[in-house]
Amino acid sequence: MNPPQNPKKLTVFSWCLYDFANTIFSMNVISLYFALWVTVDHGGQDILYSTALSLSMLAVAFSVPVFGTLSDTTGKRRVPLIGLTLLCVFATALIGTTDHLWAGLILFMAANYGYQSALVFYNSMLPAISRGSHVGLVSGYGVALGYLGSIAGLKLVQPFVESGGRSAAFLPTAGLLLFFSLPCFLFVKDAETRTTPSFRIKEAFHRLKETFLRARQYRSLFRFILIHFLVLDAVNTIIAFMSVYANKVIGFSDGQIIKFLISSTVGAMIGSLIIGILVKYKGVIWSYWLVLALWIVALSLTAISQSETLFWVVGPIAGIGMGGVWVVSRAFIIELSPPEKVGEFFGLYGFAGKAASILGPMLWGMVVWALNSTGTLKYRVAVTVLLGIVVVAAFLFRGLTRQISGNTGTNKSVDIKRSND
């Protein structure tokens, strides 16, 4: 066996810069401006945004097994990455050119589909560009640049919004996504391409089915993926609708929302580091309890906040919980999976994350729609429902810990990083 080669610095930097680029889209479009564009600028109900987000994620969920199998069997990742990213770029830019609500919703669905689907090929590049070594380190560089990208995107686009309104956010966001993606397009090459027999979509879903059936043989693992799904229902929904809540319930201006999101992002950066250390020294069970506690506190404060002062506390707490949930959950998958099946169960783990992005936002939208005549109370009820989901997850986790506490080491070191799946 040949010793691992040192990764090329230009290739690594170019790959990591894509993480910087796509988080600009995630923060500016998904978390901030599009939700407000729909609900404030065009007076649309939350369920319109939640339906558009959920439908695009449903399309992604069906596409991911196909794209993953295509990536693995052909080795071709660069061209699909470019194509899906350009779909996101052009659809995002076009949102800023229309004043028609339904056209904007359709364009958003296309943009989010391109963004989410491109990640399959982007993440698949990591083993090749790290050249069999430094995987955790290279992934960590991407994570760090991703957090910086979300902050930079907010600050770089803010002047356009201040002068031209929220519609002016989409074209510069698309331009920044394209600009910072170019190094990845130009300098990250496919390690190898393979000639394979005709690719069958049915085989991709058969693989997913087989993985799902195998997961059921590992009851602790299957139960944790269910718990993770419930937690992500709350996390993904908060990511999508926190700006709406801050605007309509707390009365934050766009400038205040930007500062709030930055404080959350900084909290996520700190949380990823601190909770990653806690996973190493305190174990995954203790660390996951901490993450659950942080989310219960954050959602409780959100639901009861009557003043801006109390709401400002929510951002850093939710940010720490957000950064920590990825670190601990991935460590848990490694703890519970047989070494030879880690890849398979990470695929199921990723599928659960996509499914949570479908159901969570739809649940929010339906609650707000059903209580439409109750003023701001409908938003507080929606947050309380999310709180209830996390409490249920904590109850299930309590039962899980009783099963595995004797098998999960508390001193196991896990070099794991968050990724954008």
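Only the coordinates and a few stated rules stand behind these numbers; no lab work does. Just so we're clear, the structure is a prediction, and the values are computed from it rather than from any experiment. Neighbour counts are summed over all protein chains in view; Cβ atoms, including those assigned to glycine, are modelled from backbone coordinates with ideal geometry.
Points worth noting:
- Signed unit charges on C-beta, dipole axis of the range 210-403, positive-most listed residue Gln403, Ile296, Ser329: Gln403
- Sorted largest first, the spans of the alpha carbon positions of the range 9-185 along the three principal axes are 51, 34, 21 Å.
- Relative contact order (%) - the range 9-185, alpha-carbon pairs under 8 angstrom, separation at least six: 45
- Of the cross-linked pairs Lys259/Lys378; Lys76/Lys354; Lys155/Lys248; Lys282/Lys354; Lys9/Lys76, those separated by over 27 Å at the C-alpha level are Lys282/Lys354.
- Relative packing of peptides 42-49, 161-168 - highest average C-beta neighbours within 10 Å first: 42-49, 161-168
- Distance-filtered residues of the range 168-190 - backbone nitrogen under 19 Å, label point 7 angstrom along Lys9 Cα→Cβ: 183-184, 187-189
- Under-5 Å amide H pairs with Phe252, H placed in peptide plane, nonlocal only: Asn247
- The peptide list 392-401, 297-306, put in order of mean Cβ contacts within 10 Å with the highest first, becomes 297-306, 392-401.
- Gain in span if fully extended, Phe179 to Val392, counting 0.36 nm per residue against the direct Cα distance: 72.4 nm
- If you take all other residues with their beta carbon under 14 Å from the beta carbon of Ser31, and give Lys and Arg +1 and Asp and Glu -1, the sum is +1.
- Each of the peptides 77-90, 367-380 was scored by the mean count of other Cβ atoms within 10 Å over its residues; in descending order, highest first, they stand as 77-90, 367-380.
- Separation in nanometres of the label points that stand 7 Å from Cα toward Cβ, at Lys155 and Asp41: 2.4
- Per residue Cα convex hull volume in Å³ - calculated over the range 251-302: 58
- Remark: the range 148-162, residue by residue, has Karplus-estimated 3J(HN,Hα) of 5, x, 5, 6, 4, x, 4, 6, 6, 8, 3, x, 5, 5, 5 Hz, where x stands for each Gly or Pro and the curve is 6.51 cos²θ - 1.76 cosθ + 1.60 at θ = phi - 60°.
- Derived scalar couplings ³J(HN,Hα) [the range 98-106; Karplus, 6.51 cos²θ - 1.76 cosθ + 1.60; whole Hz; x for Gly, Pro]: 10, 10, 8, 4, 5, 4, x, 5, 5
- Near Gly165, once Lys and Arg are set to +1 and Asp and Glu to -1 for all other residues with Cβ below 12 Å from its Cβ, the sum equals -3.
- Taking N as its residue count, the alpha carbon Rg of the range 210-403 over 2.2 N^0.38 Å: 1.05
- Remark: the range 26-40, residue by residue, has Karplus-estimated 3J(HN,Hα) of 4, 6, 6, 8, 5, 8, 10, 6, 5, 4, 6, 4, 6, 7, 9 Hz, where x stands for each Gly or Pro and the curve is 6.51 cos²θ - 1.76 cosθ + 1.60 at θ = phi - 60°.
- The range 229-260 and the range 65-134: distance between their alpha carbon centers, rounded to Å: 24
- Using the Cβ of Pro183 as centre and a radius below 13 Å, the other residues enclosed give a net charge of +3, where K and R count +1 and D and E count -1.
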